[in-house]
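Colleague: Below is the structure I would like to discuss, written out as structure tokens.
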Amino acid sequence: MKLNLKKSNDNIVILAIGNEMLADDSAGIFVAEILLKKLAHKKNIKIFKTGVMPESFFSKISAFKPSLIIFIDACSFGGKIGEIRHIPMDKIDGAGFSTHSLPITTFVKYLTNQIPNIEVQFIGIEPKSIEFDKPMTTEIKKSCQDLAGYLIEKLS
């Protein structure tokens, strides 16, 4: 996976998406919790645990004027369980971003129309289970820790 960073002082927003009641669908939220502990001191990075409604954070995102937004979510893309993949924008409709109130593509179109020169990247984690009221699986927890470590290294 390659994270495209322009300059180390650019404003970056990380949108952690997921439903904590659906086992591995909480992957994005879990990654955000790790990142918040390690990157909270960085003034140019904002991390939002958006749950299933990232669009409700638009005003906070817009006010921060980011040059990069990174979405992190559990996503069924046909990979191996726990696989982490950078997903191109044109592949998002085919990926399993389905537990959210507004299609991600609609929200991204709105973001890119409203915030000049914004780059949007998606990081998906292939879930094992999205069963209701079950804990995150061990495989996904490990992948989330790996992803968080990678992001901390790249963003520190």
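The values are calculated or read from the model by the stated rules, or taken from the named source; none is laboratory data. In this text the structure is predicted, and so the values were computed from the model without any measurement. When we count neighbours, we look across all protein chains shown, and the Cβ atoms used for this are built from the backbone with ideal geometry, even at glycine.
Colleague: I'd like the full set of residues that are in a helix (DSSP H, G or I) and either touching a strand residue (DSSP E or B) at 6+ places or on another chain (Cβ under 7 Å) or of a type in the set (Phe, Trp, Tyr) (or both), limited to the stretch 121-143. Give the steps one after another, and end with the answer.
Modeller: Here is the first cut: in the stretch 121-143, the ones in a helix (DSSP H, G or I) are 138-143.
ILE140, SER143 - these are the residues of the stretch 121-143 that are in a helix (DSSP H, G or I) and either touching a strand residue (DSSP E or B) at 6+ places or on another chain (Cβ under 7 Å) or of a type in the set (Phe, Trp, Tyr) (or both).
Colleague: Return the pairs, sorted by first residue and then second, in which the second residue is modelled with pLDDT of 70 or more and among the small types (Gly, Ala, Ser), the first residue lies in the stretch 4-24 and is more than 23 Å from SER59 (Cβ to Cβ) and assigned to a loop (DSSP other than H, G, I, E, B), the beta carbons are less than 8 Å apart, and the residues are 6+ apart or on different chains.
Modeller: If the second residue must be modelled with pLDDT of 70 or more and among the small types (Gly, Ala, Ser), the pairs left are LYS6/SER67; GLU20/SER26; GLU20/GLY51.
Colleague: Another one. When residues of the stretch 64-85 are filtered for being farther than 17 Å from GLU119 by Cα and in a loop (DSSP other than H, G, I, E, B), how many remain?
Modeller: Result for the stretch 64-85: 9.
Colleague: When the stretch 94-118 is examined, which residues are found to be over 19 Å from ILE14 (Cβ atoms), modelled with pLDDT of 65 or more and part of a loop (DSSP other than H, G, I, E, B)?
Modeller: Listed by number, the residues that qualify are PRO103, PRO116.
Colleague: Let me ask another. Counting just the residues of the stretch 1-33 that are in contact with a His (Cβ under 9 Å, 6 or more places away or on another chain) and among the hydrophobic types (A, V, I, L, M, F, W, C), which one comes out modelled with the highest pLDDT?
Modeller: ILE17
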